[in-house]
Amino acid sequence: MSPRGGYYLAFSGGKDSIVIKALADMAGAKYDAHYNVTTVDPPELINFIRVHHKDVVFEKARHKDGTQITMWNLIPKKKMPPTRIVRYCCESLKEGGGNGRFVVTGVRWAESVRRKNDRAGLELNAYKGRGNRIIDDPDNPAHEEMAHVCPTKGKHILNPIIDWEDEDVWEFIYTYHLPYCELYDQGYTRLGCIGCPMSAKAAEELERYPKFKQAYLRAFDRMLKIRMEAGLKTDWKTPEEVMNWWLGR
């Protein structure tokens, strides 16, 4: 049974999104699928969504004045590049949709070491009677469970494949002959923003997509000028120095 208005299905175009969308179709669930435009996703991924998932709604994050939020205006605004610790890009570009809705995501424990490690603690709490499969845990992705509530945004969140391993995902895709993005056949195991600081392939991705690399450098240049105008101390002198630091060189 679907909630009134249907589910808000968070669709990224990756393998996990493909699975949850197929499961929703098999279950006959009412839903509307949404892709959050990050402005830095691989062109192959965008093309895959447009060709194979024409029903997916492309959502663009907006500033209060109505202008689109992009990676290129976020970096100067935040006065620093996104990092593994300060991941303002995810909050601004990916997490704004579905407020007040019942959201379905493809989040899985196997995707994150932190989620894997945290799973033991969650199961221990459940065993002790202090929790169960439904957790009231606002805005804490480190403690994702099958379902939980986010009171701050009025969301109910369902993660139907939270305990699936990568092998389960691919077995499902192959069994039901689901199309998937070509990048997986080119050595990618996860798809995400080009240059993401969480990716071990950030430098490689920027060389593969030189236009995105140049866009980052232009954003870093604007960032440096804003930092200088604000009187912020910095050891960076050029956008290239920011890039080298950002890539851990």
Open item on the list: Nothing charged except the Cβ atoms of Lys and Arg (+1) and of Asp and Glu (-1): what's the magnitude of the dipole of the range 165-249 about its Cα centre? Round to the nearest 20 debye.
Closed with: 880
TODO: At q = 0.33 Å⁻¹, work out log10 I(q)/I(0) for the range 190-239 with the Debye formula, treating every Cα as an identical point scatterer and leaving solvent out; two decimals please.
DONE: -1.15
Open item on the list: Once you place label points 7 Å from the Cα toward the Cβ at K78 and W245, how far apart are they in nm?
Closed with: 1.5
- [ ] Using R₀ = 41 Å, calculate the FRET efficiency as 1/(1 + (r/R₀)^6) where r is the Cβ-Cβ separation of I85 and E207; round to 0.05.
- [x] 0.95
Task: Net lengthening on full extension, E165/Q68 (0.36 nm per residue, minus Cα-Cα) - done: 31.4 nm
- [ ] Provide the FRET efficiency to the nearest 0.05 for the M228-H52 pair, computing r from the beta carbons and using R0 = 41 Å.
- [x] 0.35
TODO: Take the cross-link list K64/K94; K77/K237; K64/K211; K78/K225; K60/K201 and give me the ones stretching past 21 Å between alpha-carbons.
DONE: K64/K211; K60/K201
Task: Stretch gain in nm, segment R4-V37, where the contour uses 0.36 nm per residue and the Cα spacing is subtracted - done: 9.3 nm
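Values in this text are rule-based calculations from the coordinates and carry no lab data. All figures in this text were calculated on a predicted structure; none of them were measured in a lab. We place every Cβ from the backbone using ideal geometry, glycine too, and count neighbours over all the protein chains shown.
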